[in-house]
Amino acid sequence: MKKHNFYAGPSILSQYTIKNTADAVLDFAGTGLSLLEISHRSKEFSAVMDEARALVKELLDVPTGYDVVYLGGGASLQFCMVPFNLLKKKAAYLETGTWAGNAIKEAKLFGEVDVVASSKEANFTYIPKGYTVPKDVDYFHITTNNTIFGTEIRQDPDVAVPLVADMSSDIFSRPIDVSKYDIIYAGAQKNIAPAGVTLIIVREGALGQVERAIPTMLDYRTHIKKGSMFNTPPCLPVFAALQTLKYYKELGGVKVLEKMDKEKAALLYDEIDRNKLFKGTAVAEDRSIMNVCFVMNEEYKELEEEFIKFATEQGMVGIKGHRSVGGFRASLYNALPKSSVEALISTMQEFERKH
């Protein structure tokens, strides 16, 4: 039976990425060596890293004055690396979910943190609006997509201070005006590659402003200067990221991906709103197109486990919601085909007919 992969992360990757990476594990670039055993200093792997950086710049239209780096540690390391490099006295954060909360916790180790708004009181079912970002902060940090709660910021905010964004779960799902940001970071395990590498886009002029000593490994300038090769990079995830970026370019770029993603999400949300058994958890205007969170309507709550079992039998994988929300979560990352969304919708309709 065909499996439909709705895991929130690590998540589905394109067959293009999986096949090319698997081939390189057996024989990398005709060297007769595996990608797993090649020197990162070899000319073949240096070419991979150079192209992986260049394609990010091309696909996201990154302006001059910005660098692309690939680092280990996931977005969770960036929660402390950002304030280590940027926070002098005070930073502003928008609290929209678990990962935003974790970023706030780390930033407090380096200075004052002004949480300008939070949707915690409503279990993060919406994105706060109408807040004011103080003019005296060193930067303003947002988390663009909230995997656990299914909300998303789908436009680049206009603020009068440096802007930082964690785009781990929705990067490459829409065009971005990179010039509005000082740092954009993204753990790879959603729309880029297997876990183990983090993509960072950083404005060079933003660095070197803090007085504190920064450990070598945690200083962005170290990695910019060494072309992401200061220490041994995670070679396999970087290679896989390059395959994904090539695939995105072949498809026609980020605008094409956005159109596909919006279409998939609209199909599923329409079914959730129509189906008598289900309801969405996020407010309509803030619904994520990457992570669709929904629950059983109150009168059908007792059917939750039965639906999970039924959907699993139909080949749906990873649709159980996060424990913070319960219910169900279907992650519709770039690599997920529309046919998988249609299969999930058919499953929901079939289950509705049974009840």
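The values are calculated or read from the model by the stated rules, or taken from the named source; none is laboratory data. From a predicted model like this one, the values you see are computed outputs, not experimental measurements. Heads up, the Cβs are rebuilt from the backbone with ideal geometry, glycines too, and the neighbour counts pull from every protein chain shown. Heavy atoms of the whole protein, side chains included, go into the accessibility calculation; ligands, DNA and RNA do not. Shrake-Rupley method; radii C 1.70, N 1.55, O 1.52, S 1.80 Å.
Rounded to the nearest 0.05, what FRET efficiency is calculated for Ile214 and Gln314 with R0 set to 45 Å and r the Cβ-Cβ distance?
Working from the Cβ atoms, E equals 0.30.
Restrict the search to region 2-75; then list the GluC sites (Glu not before Pro) that DSSP places in a loop and that have at most 13 other Cβ atoms within 10 Å of their Cβ.
Here the sparse-neighbourhood loop sites are Glu37.
What does the helix-only formula give at 222 nm for the chain: each DSSP H stretch with n ≥ 4 adding -39500 (n - 2.57), the total divided by the residues, and the result rounded to the nearest 500 deg cm²/dmol?
It comes out at -11000 deg cm²/dmol, rounded to the nearest 500.
Please report the antiparallel percentage of the DSSP beta bridges confined to the chain, to the nearest 5.
Percentage antiparallel, nearest 5: 55.
Heads up, I need the accessible area for Thr98: 1.4 angstrom probe, whole protein in place, Å², nearest 10.
50
Provide Rg and Dmax in Å for region 1-143, with only Cα atoms included in the calculation.
20.3, 58
Go ahead and run the numbers for FRET between Lys108 and Gln155, Cβ-Cβ distance against an R0 of 35 Å, rounding to 0.05.
For R0 = 35 Å, the calculated efficiency reads 0.80.
How long is the gain from Thr64 to Lys225 if the chain were fully straight, where each residue apart is worth 0.36 nm and the alpha carbon distance is subtracted?
Contour length minus Cα-Cα distance gives 56.4 nm.
From the C-alpha coordinates alone, can you work out the Kirkwood hydrodynamic radius of region 208-265, in Å?
Averaging 1/r across every pair of different Cα atoms and inverting gives 14.5 Å.
How long are the three semi-axes of the equivalent ellipsoid of region 246-348, in whole Å, if each is the root of 5 times an eigenvalue of the C-alpha gyration tensor, listed from largest down?
26, 15, 11
What net charge is computed for the residues neighbouring Leu207, neighbours being all others with C-beta under 15 Å from the C-beta of Leu207, Lys and Arg scored +1, Asp and Glu -1? Please list the in-between numbers first.
On the way: positive: Lys88, Arg203, Arg212, Arg221, Lys225, Lys226; negative: Asp67, Asp138, Asp182, Glu204, Glu211, Asp219.
For residues surrounding Leu207, the net value is 0.
Among Asn291, Phe278, Thr17, which residue has its Cα furthest toward the positive end of the charge dipole of the chain, with +1 on Lys/Arg Cβ and -1 on Asp/Glu Cβ?
Thr17
Might you report the magnitude of the Cβ-based charge dipole of the chain about its Cα centre, with Lys and Arg at +1 and Asp and Glu at -1, to the nearest 20 debye?
360
Quickly work out the Glu352-to-Lys338 label distance, labels modelled 7 Å from Cα along the C-beta direction, and quote it in nm with one decimal.
Distance between label points: 2.0 nm.
When Lys and Arg each count +1 and Asp and Glu each count -1, what net charge do the other residues less than 15 Å away from Ala54, Cβ to Cβ, add up to? Write down the numbers at each step before the final one.
Details: positive: Arg53, Lys57, Lys246, Lys249; negative: Asp50, Glu51, Glu58, Asp61, Asp67.
Local net charge: -1.
Suppose all protein chains stay in the model; what accessible area per residue would a 1.4 Å probe give for the chain, in Å²?
Details: 14950 Å² over 355 residues.
With the other protein chains kept in place, the chain gives 42 Å² per residue.
Take each of the peptides 300-309, 336-345, 124-133, average the number of other beta-carbon atoms within 10 Å over its residues, and list them starting from the highest.
Top to bottom by mean Cβ count within 10 Å: 336-345, 124-133, 300-309.
Scale the Cα Rg of region 1-64 by the rule-of-thumb value 2.2 N^0.38 Å and send over the ratio, two decimals.
Scaled against compact globular proteins, the figure is 1.42.
Students sometimes get this wrong: rank His4, His355, His322 by accessible area, probe 1.4 Å, all chains present, largest first.
Values: His4 15, His355 70, His322 40 Å².
Sorted descending by solvent-accessible area, the residues read His355, His322, His4.
Have a look at Ala266, Ala54, Ala311 and tell me which one the Gaussian network model of the chain (Cα, springs below 10 Å) gives the largest fluctuation.
Maximum fluctuation in the GNM of the chain, among the listed residues, is at Ala266.
Where does the charge balance sit around Gly321 when Lys and Arg score +1, Asp and Glu -1, over other residues with C-beta under 10 Å from its C-beta?
Values: positive: Lys320, Arg323, Arg329; negative: Glu304.
The answer is +2.
Ile176 accessible area, nearest 10 Å², 1.4 Å probe?
20
Answer rounded, prolate or oblate for the chain, using the Cα gyration tensor with square roots of eigenvalues a ≥ b ≥ c: rounded when a/c is under 1.5, else prolate when a/b is larger than b/c, else oblate. Don't skip to the answer; put the middle values down first.
Details: a/c = 2.16, a/b = 1.23, b/c = 1.75.
Oblate.
In whole percent, and with a 1.4 Å probe on the protein chains, what portion of the accessible area of region 196-355 is carbon and sulfur? Mind dumping the intermediate values first?
Working: 3500 of 7010 Å².
So the carbon and sulfur contribution to the accessible surface is 50 percent.
If I take R0 = 25 Å and measure r between the Cβ atoms of Ser324 and Lys129 in this structure, what FRET efficiency does the formula 1/(1 + (r/R0)^6) give, to the nearest 0.05?
0.65
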